[in-house]
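Take a look at this one; I'll ask things after.
The values are calculated or read from the model by the stated rules, or taken from the named source; none is laboratory data. In this text the structure is predicted, and so the values were computed from the model without any measurement. Heads up, the Cβs are rebuilt from the backbone with ideal geometry, glycines too, and the neighbour counts pull from every protein chain shown. Surface areas here come from the heavy atoms of the whole protein model, side chains and all, with no ligands, DNA or RNA. Shrake-Rupley method; radii C 1.70, N 1.55, O 1.52, S 1.80 Å.
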Amino acid sequence: MTDTGHNRSAGANEPLVRFENVQKTYDGEILVVKDLNLDVERGEFLTLLGPSGSGKTTTLMMLAGFESATHGDITLDGRSLMSVPPHKRDIGMVFQNYALFPHMTVHENLAFPLQCHGVDKNQREAKIGKVLEMVELTGFERRRPAQLSGGQQQRVALARALVFEPRIVLMDEPLGALDKKLREQMQLEMKHIHENVGLTFVYVTHDQSEALTMSNRIAVFDDGVIQQLDGPEELYEHPQNAFVAQFIGENNRLTGTIKDVSGEYCQVELPSGDTVKALAVNISGVGDTTTLSLRPEAIVLDATDGDGCDDIYTATIRESIYMGDHVRVRVSACGNDDFVIKVPRGAGGRTMNPGEEIKIGWRSQDCRALDAA
């Protein structure tokens, strides 16, 4: 353990975890993870986000030691983990199915990892008491998992991952089995627990709202590659390619041909004949195809020249749906019959009549020209 302490102090300015040129294949042909280079900073809440089969869970399992990398290196505090078994990696793990011992009480479930780490009885009791208070389960020590709700079981699973004070806590879709309201409550609780304990959390999910709520940074995976690694606001407001724009939040997509590039903006001609001015974020050159990304909340309904819109287009209302905090209006515009606009509740108290022609518009800096990932 002396060497571990040395690494902790010596590497204080280095990332806690580093993936270097990591690849993973199960059949020797198809790479599930492709040349992954990723640093996990000390104390951060990093979420690996992506659809099924994108490589996010495989990446987490390689860090945990339950899968082995086919190529490359994974280090923790500067020490390679490639030949270190899972139980010696000083990593806490929380699974979607909780993986609690059903025959053990809450106290016994929490004591188990401490016993495995050779912690004496007095210290065990102090650590268990502290972590139960942290997850607000003081008084539940003698209950067994079957006597707990799903949310309480998840709290116990988190407490068990935290109780032996690991270097890092890994979580694999831990809230997937909970209902929507409880899941949202647990997201905030886990965010606050992370802030209080100051440990490094690496979290896997396919739920983008979950990732936006809890994370310091989000790595968006697709096809075994990180498409973008940024903070939640940066990912949402400034997606770097069409996949990220579509996967993070709702997004209107228009495909067209680049007709002109001037400074940081470009002119894009749509198949409908409309021309759109857009921010040239990630494009090739004149004559190439690009995808335009436009958030529903960035579109102005009943747009006029005084609304700050660079371009105004004619649209036909197809339907409007009351969503509580906003009205979701679907229109035909710019050759797209599924153009979505989000109108805040009470904005003008306007009636949306299907078949009605209206004007819509937006600022060019809110319309992003992107290449596909």
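From largest to smallest, what semi-axes in whole angstrom does the stretch 234-373 give when each is the square root of 5 times an eigenvalue of its alpha carbon gyration tensor?
Working: eigenvalues 130, 52, 34 Å².
For the stretch 234-373, the ellipsoid semi-axes come out as 25, 16, 13 Å.
Moving on to the next point. Distance between Cα centroids, the stretch 132-196 to the stretch 78-124: provide it in whole Å.
When both Cα centres are located, 15 Å separates them.
Whole-Å semi-axes of the chain's equivalent ellipsoid, largest first, each the root of 5 times a Cα gyration tensor eigenvalue?
Working: eigenvalues 429, 135, 51 Å².
Ellipsoid semi-axes (Å, largest first): 46, 26, 16.
How high is the relative contact order of the stretch 1-121, in percent, with contacts defined as C-alpha pairs under 8 Å that are six or more residues apart?
Details: 136 pairs, mean separation 29.5, N = 121.
Relative CO of the stretch 1-121 lands at 24 percent.
Taking 0.36 nm per residue of sequence separation and subtracting the Cα-Cα distance, how much length would be gained by fully extending the chain between SER284 and THR25, in nm to one decimal? Can you show the working numbers first?
Numbers: separation 259, 0.36 × 259 = 93.24 nm, distance 3.17 nm.
Stretched fully, the SER284-THR25 segment lengthens by 90.1 nm.
Further, regarding this structure: Let me see the P(r) profile for the stretch 89-175: every Cα-Cα distance counted, bins of 10 Å, each bin given as a percent of all pairs.
Per 10 Å bin, starting at zero, the Cα-Cα P(r) for the stretch 89-175 comes out as 19, 56, 25, 1 percent.
Cα-based count: Lys pairs in the chain below 17 Å, eight or more positions apart or different chains?
Lysine pairs meeting the criterion: 9.
Where does the chain land at 222 nm, in deg cm²/dmol rounded to the nearest 500, when only DSSP H runs of n ≥ 4 count, each adding -39500 (n - 2.57), divided by all residues? Numbers along the way, then the final one.
Details: 9 runs with 93 residues, N = 373.
Result for the chain, helices only: -7500 deg cm²/dmol.
While we're looking at this one, here's another question. Heavy atoms only, probe 1.4 Å: what % of the accessible area of the stretch 29-173 goes to carbon and sulfur, would you let me know? Mind showing how you got there, number by number?
On the way: 3250 of 6600 Å².
That fraction is 49 percent.
Counting pairs of alpha carbon atoms under 8 Å apart in space and at least six apart in sequence, what relative contact order in percent does the stretch 116-181 give? Working shown, then result.
Values: 25 pairs, mean separation 23.0, N = 66.
Relative CO of the stretch 116-181 lands at 35 percent.
Going by Cα centres, the stretch 246-304 and the stretch 22-38 are how many Å apart?
34 Å
If you line up the long axis of helix 121-134 against the longest principal axis of the chain, both from Cα atoms, how many degrees apart are they, to the nearest 10?
So the helix axis and the longest Cα principal axis differ by about 20 degrees.
Using a Gaussian network model on the chain with a 10 Å cutoff between Cα atoms, which of ARG350, ARG144, ARG155 fluctuates the most?
In the Gaussian network model the winner is ARG350.
³J(HN,Hα) across the stretch 315-320 via Karplus (A = 6.51, B = -1.76, C = 1.60, θ = phi - 60°), whole Hz, x for Gly/Pro?
9, 10, 5, 9, 6, 10
For the stretch 186-230, what is the accessible area per residue in Å² when the probe is 1.4 Å? All intermediate terms of the calculation are to be shown ahead of the outcome.
Details: 1620 Å² over 45 residues.
Value returned for the stretch 186-230: 36 Å² of accessible area per residue.
Would you please put 237-247, 270-280 in order of how densely packed they are, using the mean number of other Cβ atoms within 10 angstrom per residue and starting with the highest? Intermediate results must be reported in sequence, preceding the final value.
Details: 237-247: 21.6, 270-280: 17.1.
Most protected by this proxy first, the peptides run 237-247, 270-280.
In a GNM of the chain with a 10 Å cut-off on Cα contacts, which of ILE360, ILE91, ILE321 has the highest mean-square fluctuation?
Maximum fluctuation in the GNM of the chain, among the listed residues, is at ILE321.
In the Gaussian network model of the chain, springs joining C-alpha atoms below 10 Å, which of LEU162, LEU178, LEU199 carries the largest mean-square fluctuation?
Taking springs between Cα atoms under 10 Å, the residue moving most is LEU178.
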